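The values are calculated or read from the model by the stated rules, or taken from the named source; none is laboratory data. Values in this document were obtained by computation on a predicted structure and should not be read as measured data. Here the Cβ positions follow ideal geometry from the backbone for every residue, glycine too, while neighbour counts run over all protein chains shown. Quick note on the areas: whole protein, heavy atoms, side chains included, nothing else; ligands and nucleic acids left out. Shrake-Rupley method; radii C 1.70, N 1.55, O 1.52, S 1.80 Å.
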Amino acid sequence: MSTPSIKRVLGPLTPGGLRNFTDNLRAENTGAILLLVGTIVALVWANSPFSESYRELSALTFGPSALHLDLSVAQWATDGLLAIFFFVVGLELKREMVDGELRRPATAIVPILAAVGGMVVPALVYTVINAVSSLGEPHGWAVPVATDIAFAVAVLTVFGKGLPTALRAFLLTLAVVDDLLGIVVIAIFYTAGTSLVWLGAALATIVVFGLVARRHGGGSPWLLVPLAVLTWGLMHASGIHATIAGVLLGFSVPALARPGERQSIAERYEHVWRPVSAGFAVPVFALFAAGVVMSPSALADAASNPAAQGVFFGLVLGKPAGILLATWLLVSFTKASLDDSLRWFDMAAVACVGGVGFTVSLLIGELSFEAGTVNGEAVKAAVLVGSVTAAAVGATLLAWRSRTHRAEQEDAAA
């Protein structure tokens with residue numbers, strides 16, 4: 001009698017998944033460093049004697065008012081530049097779904113469920129903390145649900161060099177799914193008054209963009225870039241957050257290489273636009289999003305703020321707990337199992353790194369709380385402190401697990 005095969009929770013990668021993994025592993029470190037630089041500059045500037053100039057620059061407004069695009073510099077960074085970041089995310093998601101780990105249901109279900117758990121539990125942690133307080137702000141529940149893929153991969157690369165490839169790929173895939181779910185949250189819960197006319201026009205331009213991209217192996221940038229800008233403007237006018245335009249544009253690009261081609265159009269676009277996103281768009285966003293006052297009194301106020309408490313504990317405790325719980329339930333109640341080379345301590349280390357929220361958390365924080373308000377500043381501080389704490393805990397556990405795996409390999413070779 002044959003024994004039924006047991007699915008592996010973390011197994012060998014497909015060629016497409018391995019290529020996507022190595023591409024991201026190479027590219028994200030520099031972006032994470034530049035993001036960190038932008039954050040440090042913002043914090044130093046906002047807490048320096050020149051802090052007034054920081055606030056004045058952030059509030060400086062420009063753009064055509066007739067098109068309702070007279071936005072502040074900070075708004076242009078959030079709504080405009082982050083659309084480039086989300087375009088790259090859209091390309092990455094499309095590649096993962098068509099030619100990567102998310103293409104295979106048996107493999108995709110694991111990071112999908114882990115990402116869902118990693119969003120539900122921190123949202124519950126935030127909600128409970130704010131529900132029991134008379135000063136609670138329940139509408140900020142989505143702030144701690146995101147994972148910053150650049151920082152997460154950077155922490156993993158530096159401190160997790162001795163870990164199995166399957167575990168490292170799991171974090172990357174989980175972060176990609178997490179990005180997708182974060183985009184869905186923004187589209188559903190942070191849209192006020194949708195204009196179907198403008199939305200229809202935006203979707204029509206996205207279709208045209210995709211058709212042009214398919215033609216002649218990528219189309220002309222002199223046509224595609226104006227189409228992308230037009231789509232962004234129409235999406236902004238529709239009432240849906242304009243960054244969603246970037247995601248949908250990325251999804252419209254073909255992700256499979258055509259006969260005779262070594263790379264798909266989506267892969268070529270990602271190689272072109274990732275440096276723009278990681279090297280300019282995201283650091284500039286951080287420059288204008290992370291400038292929060294970090295004086296002892298401000299930190300004390302944030303520590304007593306229910307919204308900030310919910311964000312901090314959601315990232316540091318809720319995120320890893322949700323990821324681990326979802327994975328444990330999958331292993332316990334299905335025929336799935338961990339790879340032979342992995343231990344639950346390995347999963348715990350990676351789950352802690354998942355608590356590094358940062359970019360998308362800052363974005364959702366700005367959408368949840370008005371800039372400059374007490375809650376808005378406290379939540380920003382909580383995102384920064386919570387992400388740093390999660391990174392430190394995750395890095396410590398990753399370094400320990402890496403040493404353990406290397407010692408086991410040396411003992412086996414002796």
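For this structure, a couple of remarks:
- When each of Glu52, Glu92 is tested for being exposed (fewer than 12 other Cβ atoms within 10 Å of the Cβ) and part of a helix (DSSP H, G or I), the lone residue that passes is Glu52.
- Answer from Phe285, Phe312 - the residue that is open to solvent by 20 Å² or more (accessible area, probe 1.4 Å) and aromatic (Phe, Trp, Tyr): Phe312
- Evaluated against (1) farther than 25 Å from Val185 by Cβ; (2) open to solvent by less than 60 Å² (accessible area, probe 1.4 Å), Gly357 falls short on exactly one condition, (1).
- None of Thr205, Thr194 is polar (S, T, N, Q) and at pLDDT below 80 except Thr194.
- Residue within the stretch 71-79 that is acidic (Asp, Glu) and out of contact with any strand residue (DSSP E or B) (no Cβ under 9 Å at 6 or more places or on another chain) present: no
- Condition check for Ala390: closer than 17 Å to Gly182 by Cβ, small (Gly, Ala, Ser), modelled with pLDDT of 90 or more and open to solvent by 10 Å² or more (accessible area, probe 1.4 Å): no
- Sole residue being open to solvent by 20 Å² or more (accessible area, probe 1.4 Å), closer than 30 Å to Ala378 by Cβ and of a type in the set (S, T, N, Q), chosen from Ser277, Ser295: Ser295
- Checked against the criteria, Thr39 counts as in contact with a helix residue (DSSP H, G or I) (Cβ under 9 Å, 6 or more places away or on another chain), more than 23 Å from Leu180 (Cβ to Cβ), open to solvent by less than 20 Å² (accessible area, probe 1.4 Å) and among the polar types (S, T, N, Q).
- Scanning the stretch 360-380 for residues that are crowded, with 24+ Cβ neighbours inside 10 Å and within 26 Å of Ile33 (Cβ to Cβ) yields Val360, Ser361, Leu362, Leu363, Ile364, Gly365, Val379, Lys380.
- Test: Phe369 is touching a helix residue (DSSP H, G or I) at 6+ places or on another chain (Cβ under 7 Å), on the phi > 0 side of the Ramachandran plot and in contact (Cβ under 8 Å) with a residue 60 or more places away in the chain: no
- Cross-chain or 6+ apart pairs with Cβ under 6 Å, the stretch 95-110 first and polar (S, T, N, Q) and at pLDDT below 70, then open to solvent by less than 50 Å² (accessible area, probe 1.4 Å) and in a helix (DSSP H, G or I): Thr107/Glu101
- Residue match in the stretch 171-179 (condition: within 24 Å of Val374 (Cα to Cα) and either open to solvent by less than 10 Å² (accessible area, probe 1.4 Å) or over 20 Å from the mean Cα position of the chain (by Cα) (or both)): no
- For the residues Ile112, Ile129, the requirement of being aliphatic (A, V, I, L, M), under 28 Å from Ala278 (Cα atoms) and open to solvent by 30 Å² or more (accessible area, probe 1.4 Å) singles out Ile112.
- The stretch 393-414, residues that are open to solvent by 40 Å² or more (accessible area, probe 1.4 Å) and farther than 13 Å from Gly162 by Cα: Val393, Thr396, Asp411, Ala412, Ala413, Ala414
- Yes/no for Thr147 being closer than 17 Å to Lys319 by Cα, polar (S, T, N, Q), in contact (Cβ under 8 Å) with a residue 12 or more places away in the chain and not in a loop (DSSP other than H, G, I, E, B): no
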